[in-house]
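Taken together, the values in this text are just the output of simple stated rules run on the coordinates, not laboratory data. Fair warning: this is a prediction, and the values are worked out from it, not measured in the lab.
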Amino acid sequence: MTTTEPLITADDLLRTPDLGRCELVRGELIRTTPAGSEHGSITINITTPLSIFVSRAGLGRVFSADTGFHVAHDPDTVRAPGVAFVAADRLPSPLPKGFFPGPPDLAVEVVSPDDRDSQVLAKVRNWLDAGCRVVWLVDPRRETVRVFQGRSEDKLLRVSDTLSGEPLLPGFSLAVAEIFK
């Protein structure tokens, strides 16, 4: 006789804060370790200019890695990107105390040293399938940023390139070298 773990819901996850850092994928809990210092520094190098730009332009809100986005139901999926942006016209008022309902417009994923390429690309596909408009995949080891927009072919940027927010964040740009400094 085999037993299976019962599926966890987003509400279960929200009511169990002592689990530590984790995500929920199709009802299954995925535990993650805290990010390392390089990962944290890179995330801030993106978050700070993005947050300042979005705030000044009144485009919406930028969210930190602690924010869960409830992107699928029955079974539930709650993901938390390294950085997220939600356009102003999609922001509920007031913001929910729990997980954000739906995907962000932009999800930024910073690859950790122990991440496998297949896992990271599956997460990118999960974001896009959930309705995320753009995903930036930041790879510290290769010092690259891959930009995914819907189902179109991704664009690979290197340290000599500039990351553009167009068309989602008109006027936003960031030198890729600044991300990895």
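Taking the longest Cα principal axis of the chain as reference, the axis of helix 37-57 is set at about 70 degrees. In a fully extended conformation the segment linking Ser55 and Ser37 would gain 3.9 nm over its present Cα-Cα distance, using 0.36 nm per residue.
For the range 71-126 versus the range 21-58, the inter-centroid distance based on Cα atoms is 10 Å. On full extension, the segment bounded by Asp66 and Asp89 gains 6.1 nm, given 0.36 nm per residue less the C-alpha separation.
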